[in-house]
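Reading through the structure tokens given below for one structure.
Readers should treat all values here as calculations from the given coordinates under stated rules, not as data from a laboratory. Just so it is clear, the model here is predicted, and its values are computed rather than measured. We place every Cβ from the backbone using ideal geometry, glycine too, and count neighbours over all the protein chains shown.
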Amino acid sequence: MTSIKWWENAVIYQIYPRSYQDSNNDGIGDIPGIISRLDYIAGLGVDAVWISPFFKSPQKDFGYDVSDYCDINPDYGTMDDFDKMIAKMHDLGLKLMIDIVPAHCSDQHPWFEESRQSRDNPKADWFHWVDPLPDGSAPTNWLSFFGGRAWSWEPRRQQYYLHNFLPEQPNLNHANPEVTEAFVQIAQYWFDRGVDGFRIDAVHTINADTAPYRNNDANPNFVPGALPQQQQPFFRQLHDSAQLNQPSIQRFSEAYRACADSYDRDIYLMGELHGDDPIKASQTFTEDGRLHATYNFNLLAWDGLDVRGIKEAITSAVQAFNGTGRLSFAFSNHDVPRSATRQLKPLGLGPESVEKMQLLLLKLEACLIGSTCVYQGEELALDDVRDIPIDKMQDPWGIEFAPAFLGRDTCRTPMVWRQDAPHGGFSTANQTWLPVAKSHLPKAGLDAAERDGSVYREFSAFLKWRKSQPAFMSGNTMSDISGDDHTLIFDRVSEAQTIRCTFDFDTLTAHFEEL
Ligand code: BGC
């Protein structure tokens with residue numbers, strides 16, 4: 001029945017490996033732990049798995065600071081474990097996507113260790129090195145996502161280097177074709193091992209020809225949001241005027257697409273990107289010969305969305321991409337508060353409704369065009385964990401701004417598997433890297449998979465049904481959304497079938513009718 005490629009309508013399950021399953025009692029999740037849970041994932045009925053970074057890394061940003069892109073961090077296991085994992089996934093009919101971080105690496109990557117030594121070593125221009133202004137200050141007004149300036153000083157070179165995130169995450173200089181070529185080789189390394197696709201981290205923050213490094217313009221539309229005071233200066237600037245999303249990034253997209261296309265199987269390249277105008281940026285990144293799709297942030301609003309907000313969020317993205325699989329929606333990930341908590345207030349619901357609401361949101365995203373990413377624990381309606389003691393916090397972004405802002409630990413606590421097991425079955429260590437939430441225990445995964453009526457079981461049944469419907473499986477078209485402040489109604493349309501999808505936020509139920 002299917003005439004579209006696997007990734008165009010895939011339901012992708014996102015694993016944060018540090019918090020999935022510990023197998024060697026060190027309190028940290030690992031690849032053998034993931035292997036032991038693959039039957040649970042396959043049982044849910046998803047099509048693919050995306051695993052956040054497990055490469056060698058000093059873990060300053062928990063794997064998004066890579067010091068060797070072709071090796072596994074010892075905390076997570078070995079390459080042999082990886083090979084076993086991918087083989088088992090493929091046996092179970094699951095595709096594997098991994099997370100590639102091409103915009104920056106760790107300051108402990110040998111590339112940066114060499115580059116920072118002098119102005120004339122072989123890696124001297126692999127990063128963005130810029131002289132200070134005449135008064136000694138940083139070259140531009142650019143700020144880092146995590147607070148503070150995007151420039152740090154290197155005394156050995158008497159220059160500043162660029163980092164859009166932590167100072168320990170120096171930005172690579174993709175204006176140098178050797179850098180992009182190094183990333184093509186990294187891609188080949190993983191494709192040759194059988195990987196089916198990449199989630200490409202923060203592609204809009206790749207910096208190529210950004211010299212002569214102009215200042216960002218001020219953002220005339222700035223509205224103070226949920227982020228703490230200290231973070232707000234970042235959003236007072238328009239980044240696409242100079243710092244991010246510059247046209248030269250597309251040389252990277254094109255090199256990656258050419259690499260993916262050189263394989264005789266369908267490899268999926270999904271870029272995580274944001275921008276001052278995210279839809280326009282997504283269109284640019286997915287032009288012919290570039291990335292297949294981009295990861296859309298519209299449904300990830302930090303404070304959640306009411307029904308009208310959800311409708312607008314979907315509509316604005318769908319209008320740009322209807323009829324294609326070039327976008328991917330998500331309600332949760334490892335960077336935002338969990339939807340089970342975030343969405344209650346704007347939808348006017350209390351905690352007693354959390355499971356019904358979560359199931360409705362899961363079904364809704366699975367009915368949209370394009371792929372969808374389900375974050376570990378959404379299938380259990382796990383809530384956001386907001387009572388982690390400050391001295392147990394791990395996320396550098398949260399630590400910078402706590403207690404005004406809790407950062408991302410709230411959605412990264414370990415998965416729970418059995419209500420009655422120590423640490424919910426995540427680990428047998430005395431202490432886990434982040435505490436297991438007591439509130440999660442009654443929702444433990446293996447228990448839920450055995451319990452009639454659980455979110456896991458209901459979503460699994462729904463995904464099974466969805467797979468048998470041509471409206472979802474052989475086309476990527478949907479009608480405009482109608483409804484009111486409580487209801488969303490749209491049709492999924494393929495040549496063979498039209499299904500009317502109704503999401504009722506009063507009764508928290510979804511209805512499907514073949515027209
Ligand atoms: C990832 C974050 C990470 C950042 C820097 C993001 O978009 O999802 O977790 O901190 O990129 O790599």
Item to complete: Report, in cubic angstrom per residue, the convex hull volume of the C-alpha atoms of the chain.
Response: 143
Item to complete: Please report R342, R408, R500 as a ranked list, fewest other C-beta atoms within 10 angstrom at the top and most at the bottom.
Response: R500, R408, R342
Worksheet item: Taking neighbour counts of Cβ atoms within 10 Å as a proxy for exposure, in what order, fewest first, do S152, S328 appear?
Response: S152, S328
Item to complete: Would you mind computing, in nm to one decimal, how far apart the modelled labels at S479 and E287 are, each placed 7 Å from Cα along Cα→Cβ?
Response: 3.5
Practice prompt. Any chance you could check the Cα centroid distance between the stretch 310-324 and the stretch 128-162 for me, in angstrom?
Written response: 39
Worksheet item: Given a cut-off of 23 Å, what percent of all Cα-Cα pairs of the stretch 307-427 lie beyond it?
Response: 41
Fill in: Spatial separation of Cα centroids for the stretch 438-489 and the stretch 230-258, in angstrom
34
Worksheet entry | HN-Hα J in Hz across the stretch 305-320 - Karplus 6.51, -1.76, 1.60, θ = phi - 60°, x for Gly and Pro | 9, 7, 4, 5, x, 5, 4, 5, 4, 6, 4, 5, 7, 5, 4, 7
Discussion item. Please report the antiparallel percentage of DSSP beta bridges with both residues in the chain, rounded to the nearest 5.
Written reply: 50
Item to complete: Give me the orientation-averaged projected area of the Cα convex hull of the stretch 304-367, in nm², one decimal.
Response: 4.6
Discussion item. Using the basic label-point model (7 angstrom from Cα toward the beta carbon), what is the T324 to A218 distance in nanometres?
Written reply: 3.6
Response to the item:
Mean separation of Cα contacts under 8 Å (at least 6 apart) over the residue count of the chain, i.e. the relative contact order in percent, is 15
Worksheet item: With Rg and the Kirkwood Rh both taken from Cα atoms, where does Rg over Rh land for the stretch 66-194?
Response: 1.07
Worksheet item: With N residues in the stretch 150-197, what two-decimal value do you get for its Cα radius of gyration over 2.2 N^0.38 Å?
Response: 1.54
Worksheet item: Which value in nm describes the separation of the simple spin-label points at A421 and H90, placed 7 Å from the Cα toward the beta carbon?
Response: 2.8
Response to the item:
Log10 I(q)/I(0) at q = 0.13, 0.15, 0.20 Å⁻¹ for the stretch 283-327, from Debye over equal alpha-carbon scatterers, is -0.33, -0.42, -0.67
Worksheet item: After finding the eigenvalues of the alpha carbon gyration tensor for the stretch 334-381, what semi-axes result from the square roots of 5 times each, listed largest first in whole Å?
Response: 18, 12, 10
Response to the item:
Farthest towards the positive end of the dipole of the stretch 232-272, among Y268, L238, S248 and with Cβ unit charges of +1 on Lys and Arg and -1 on Asp and Glu, lies the Cα of L238
Item to complete: Rounded to whole Å and sorted largest first, list the principal axis extents of the Cα atoms in the stretch 252-316.
Response: 44, 23, 18
Response to the item:
Against the 2.2 N^0.38 Å rule of thumb, the C-alpha Rg of the stretch 28-125 sits at a ratio of 1.30
Practice prompt. Calculate, for T78 and R451, the FRET efficiency according to 1/(1 + (r/R0)^6) with r their C-beta to C-beta distance and R0 35 Å; round to the nearest 0.05.
Written response: 0.50
Worksheet item: Considering every pair of different Cα atoms, what Kirkwood radius, in Å, is found for the stretch 388-515?
Response: 18.2
Practice prompt. Take the Cβ-Cβ distance between R500 and S353 as r, set R0 to 22 Å, and report the resulting FRET efficiency rounded to the nearest 0.05.
Written response: 0.35
